[in-house]
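Some notes on the structure that comes next.
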Amino acid sequence: MSQPQPKITRNDLEQKFKALQDDIQGTTERNKTSIATYAAIAGGVVVILAYAFGRRSGRKRRSVLEIRR
């Protein structure tokens, strides 16, 4: 014969949810600095690319001006 399974109490659920929440918050805190670093690097790359493409298009449209006396 099988033994009856113990009932799940409110305290058991609270302990499990607390452990799960602590685990998720720990993971978030560890990843927060790396996400900020990647965002800063991506922002820098976007600024550099915008500058480079802006210079390139400026050179294409630049006119040559000759002054004669």
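Computed from the coordinates by the stated procedures, all read-outs in this text should not be read as laboratory data. Not measured: the values here are computed from a predicted model. Glycine also receives a Cβ, built like all others from the backbone with ideal geometry; neighbour counts cover every protein chain displayed.
Structure notes:
- Compared with the dominant Cα axis of the chain, that is its longest principal axis, helix 10-61 is turned about 10°.
- Selected from A36, Q21, G54, residue furthest toward positive end of dipole (the chain; charges at beta carbon): G54
- Answer label, with Cα Rg over 2.2 N^0.38 Å calculated from the coordinates and candidates (i) 1.04; (ii) 2.80; (iii) 1.59: (ii)
- Gain upon complete extension [R10, S34; 0.36 nm per residue less C-alpha separation]: 4.9 nm
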